[in-house]
Each structure stands twice: as C-alpha cells, then as structure tokens.
1. Pick out, from Ala364, Val277, Thr304, the residue whose Cα sits farthest towards the positive end of the charge dipole of region 229-365, with +1 on the Cβ of Lys and Arg and -1 on the Cβ of Asp and Glu.
2. Could you check what % of the DSSP bridge pairs in the chain are antiparallel, to the nearest 5?
3. Which FRET efficiency value, to the nearest 0.05, do you get for Ile499 and Lys403 by plugging their Cβ-Cβ distance into 1/(1 + (r/R0)^6) with R0 = 35 Å?
4. Which of the aspartates and glutamates could a cross-linker span from Lys210 if the Cα-Cα distance has to be under 17 Å and same-chain partners fewer than 8 positions apart are dropped?
5. How large is the dipole of region 272-334 about the Cα centre if only Lys and Arg carry +1 and Asp and Glu carry -1, each at its Cβ, rounded to the nearest 20 debye?
6. Kindly identify region 392-435 as rounded, prolate or oblate by the Cα gyration tensor criterion: order the square roots of the eigenvalues as a ≥ b ≥ c, call it rounded if a/c is under 1.5, otherwise compare a/b with b/c, prolate if a/b is larger, else oblate.
7. Give me the aspartates and glutamates in straight-line cross-link reach of Lys403: C-alpha distance below 14 Å, same-chain residues under 8 apart excluded.
8. Using the Cβ atoms and a cut-off under 13 Å, what net charge is assigned to the surroundings of Glu175, where Lys and Arg are +1 and Asp and Glu are -1?
Amino acid sequence: MMGFRYYLFLSINLLFASKTYSQKNTNRPNVVFIYVDDLGYGDLSSYGATKIKTPNLDKLANSGIRFTNAHATSATCTPSRYALMTGQYPWRKSGTGILPGDAALIIPTDKITLPSLFQQVGYKTGLVGKWHLGLGNTVQKNWNQKIAPGPNEVGFHYSFIFPATADRVPSVFVENHYVVALDTTDPIEVNYEHKIGNDPTGLEQSELLKIQSSPNHGHNNTIVNGIGRIGYMRGGKLARWTDEEMPLTFLTKAKEFIETNKANPFFLFYALTEPHVPRMPSTMFKGKSGMGLRGDAILQLDWTVGEIMSQLKHLGIANNTMIIFSSDNGPVLDDGYQDGAVTQLNGHKPWGVLRGGKYSTYEAGARVPMLIHWPAKIKPQVSDALVCQIDFVASFANFFNKKLPASEASDSEDMLNALLGKSLEGRKVLVKQGMNSVAIVQGEWKYIEPNAGPSINKLVNIELANSTLPQLYNLKLDIGEKNNVASQHLELVKELLEILRGIKNK
Ligand code: NG6
Ligand code: CA
C-alpha cells in the first residue's frame, strides 16, 4: 500500500515537474511556424477582408501581434523560402528562382539555417508541407531510393514534404528521404524536358481533367488526380497524392510531430500549400466560400490553423507555444487553372490596398500578413515595424543568446524586440525582390530600380512594376504606389540608389 502511494506521489510530482517545465520555461517556447503559399495582404478578415471570414486567424491576430509592414524577401516562393531558411538575400546567389520539381537542393548543408539553429539549442525540429528548395545533389536522381541531401541535411530531424509545388511533378510525398508508398515494381521517373511514359497529358486529353488548365500557362503535362501538372512523370501510381486528401495528411503529420514532442521544446515548420494552385481543397470545403476554389482553400487554411490551436490547448502547451503565421509571397488569381478565382471573386481584394500581386515588385508582391502569437509573453497589439522573414535567423540567434559568425546569415538582422512586440522599431532598410527588379525601402520611401522587363505579366494579369525609369513612392502617403515622385526627389533617388548598391556589393 505504502509502495503504491509513494509511486503515486512520485508520478504526480513528475507530472507537475514536466508541466511546469513546458509551461514556465519561457526561454524555450515551442515554435510552430505556419507558412502559407500565395496568401495576399488583403486575404484575411483580420487584414480587412469583408467577403471572406477567417475566424481562427482572427483569434491569433486579436491575441497576438498583427504586423502591417512585414515582408517576404521576394514575390515568389523559392527565393522567399531560401531567405527565410538561410538569412541571405536570394538574389546574391544564382539558381534561387522558382525551381522545377526535379531541382537539386539549393541550401548549403554546411551553413546555419533557421531549423539548424533550433537544433543547436536542443529543440526537436520538424518540417511538414511544401519544400520547393530542391532535393539531392543533381537534377538527375533516382526517386526510388534514398533521396539526399534535403531538409534532413539542413536542420530538420523530421520531414514530410512534397518536393516542389502542388502543380509540379513528382506529385508524391517524401518522408525523411523516401517517397511515401513507393512500389518498386512501378518505379518513378521525372522529366521536365519531354514526355515520358504512356500517361495521357492534359494537352492530349483535356476531357480527363476535373479542372481545366488556363490557356498558355502550360499546366497541361502529366495528369495526376484529374489535374494537369507542370512536368512529366511515369510510374509511382500508388504513391501519387490525391489533392483533396493533402490538407488532412499534412495536418495529421503536423499533429503527430507535436504530440510526439510535446514534452520537449520543438520547432515545427508547417508549410501549407493553400491557396496556391491547383486549388483542390477537401470536398467538405468545396463551394463553401462562394468565391470559387481559391476562397475555399483559404477557409480550409483557416480551419487548419484552428485545429493546431485546439491541439496545443488540449495538450496544455498553448500558453508557451509561439505561433508564427505568414505567407511566402502575395496573391494571384489565375495562376494556371480555370478554378473560379477570377470569375467568382465577388469583389474580394486579395491584395488589399496594395498594388501588384505575386511576381511584382510593387507592395502586394511581398508585403504579406504576419502574425506572432505567444500568450505567455506577447501582449495583443498591431505593429507597423518594418520586418522581414529573412530576420528570423538573427532574431532567434539573439533569443537563444547565440552569436552568429559573420559568415552566416549575413543579411539577417536581429529584430527580436520588434518580433516580440517590445519595440515598434524595425529595419532601417529592406531590399525586396520582384521577378525582374529589386526595390529598396527606407522609412516611408521606396525606390524601384529601372529595368527593361514587361510592365504586366499578361498570363496572370498582374502589374510587375517594371519600368526603364526610376520609380520612387512615398508609402506613408501613397501605400497604393500610384504616384511616382522620383523626378521631384532626385537627391533622395541618388541616395537610395547608393544604399542599394552598397548592399548589393556587400
Ligand atoms: C510559375 C507557374 C505558376 C506557379 C509558380 C510558382 C507558369 C506559367 N506558372 O512558373 O503556376 O507554379 O511558377 O509559384 O508556369 S510559387 O509560389 O511556388 O513561386
Ligand atoms: Ca508561393
């Protein structure tokens, strides 16, 4: 009897001890970084959307920090993710543009990355969702054996990903180096140059498609799950994903990672595919927004965030878990499929008050929603501090009292106080990247360097901000970048150009 009581006493104490650890050790909060794909500055009700309701993200926004001046480095996925992971401006390195699905890994394996930083201080690190930073050492690779290097070689203990984008082959999941549901009798091959295998393509048999690809976008190669993809694949019939299942698959894997690691500090990078094309949400969300599949995908995304929040609550770790939410670039409507994004928009403005969109050097290209939520430490507020996703490396290094060697994450700035809502002071300057040009922001001013690119991306109907003339905008007076005042401020243009040159030559 005594023995049993003693045992009970001990276990209760242990229970309290571990609870106290996870709840009180606020130097080591869990971090769930939810990174979504192509969500615009005006897509959430907390950022002013009225035609769509995103209640779970509103909850995060109302009880955390809602940033109004937060940026990805770039207006497309791969470069923004490269910068977030490495703390280096992507335009410093060639080959950091939108990657095909067979690309080799572009992140060096011998450098500090955001996840490796967390590893160094004892966190368990996990990645679930979109990767799009390449796999293996070469383009030619065997998808039927161990695929490395990849996320597990640059800082993640665990990874469950798709390699590139939802609209690119191979349309399969990769879990810790191996394709999921691999069948050695039906080997996978991928080709981005020419058709392989006997599967019909979207171009050849559009009647097989459940969603038509848009003319001239080229999303009409191998058909997987009734959707034409970019690139060709053969084999791997069992392994091919069903788009409608993807959100639940990722959510399940994310929850498993959290459940497994609940007693220790963990860093989960949860990279959702919504609302990137192809927008093919779970059937229960189809038609829910009345705004076409893009709107439905946003509702699904919001629901997913709510699922993670309630899991954290049930596990008793919500208070000491930091949730960071942001998007890799701005919004686009028709990005390759006729999915109702344009025709059923219903007055919604994914770009909000901003000009441009995905691919653009105008603000809607890379100014994105960003929320940071950490009940134990962060007071609800709105912050207009100029911050960038590239700054997480240096900011978390400071948070963990680690000094970064000068060779590492050299464009990342320590913005810890701004990110935790202790200061409204952000960056002095930030360089932002569109498809053809870069811009520099300093205080209220934004200068876009002249370039010869097209002024509009006609395929997606987005203004790119390309002009052979210098452009200067006052973002405080003219957030919509309507009035180019470069000719009225020649000195300032010269000064910003010099600063930009200095950063480029660093
Ligand atoms: C573009 C694709 C677009 C999308 C994008 C990548 C065409 C015409 N368009 O090249 O559909 O896949 O790449 O998006 O091919 S991102 O968010 O991953 O950068
Ligand atoms: Ca994207």
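Each reported figure results from applying straightforward, stated rules to the coordinates on display, with no laboratory input. The shown structure was predicted, so the numbers you read here are calculated from the model rather than taken from an experiment. Please note: Cβ atoms are built from the backbone with ideal geometry, for glycine as well, and neighbour counts cover all protein chains shown.
1. Sorting the options by dipole projection puts first Val277.
2. Working: 35 of 65 bridges.
Looking only at bridges with both residues in the chain, the antiparallel portion is about 55 percent.
3. Between Ile499 and Lys403 the formula returns 0.85.
4. Asp167, Asp199, Asp243, Glu244, Glu245, Asp296, Asp334, Asp335, Asp339
5. Details: 5 positive and 6 negative charges, 32 e Å.
The dipole of region 272-334 has a size of about 160 debye.
6. Values: a/c = 2.45, a/b = 1.11, b/c = 2.20.
Taking the square roots of the gyration eigenvalues as a ≥ b ≥ c, region 392-435 is oblate.
7. By straight Cα distance, Lys403 reaches Glu413, Asp414.
8. Values: positive: Lys146, Lys253; negative: Glu256.
With Lys, Arg at +1 and Asp, Glu at -1, the neighbours total +1.
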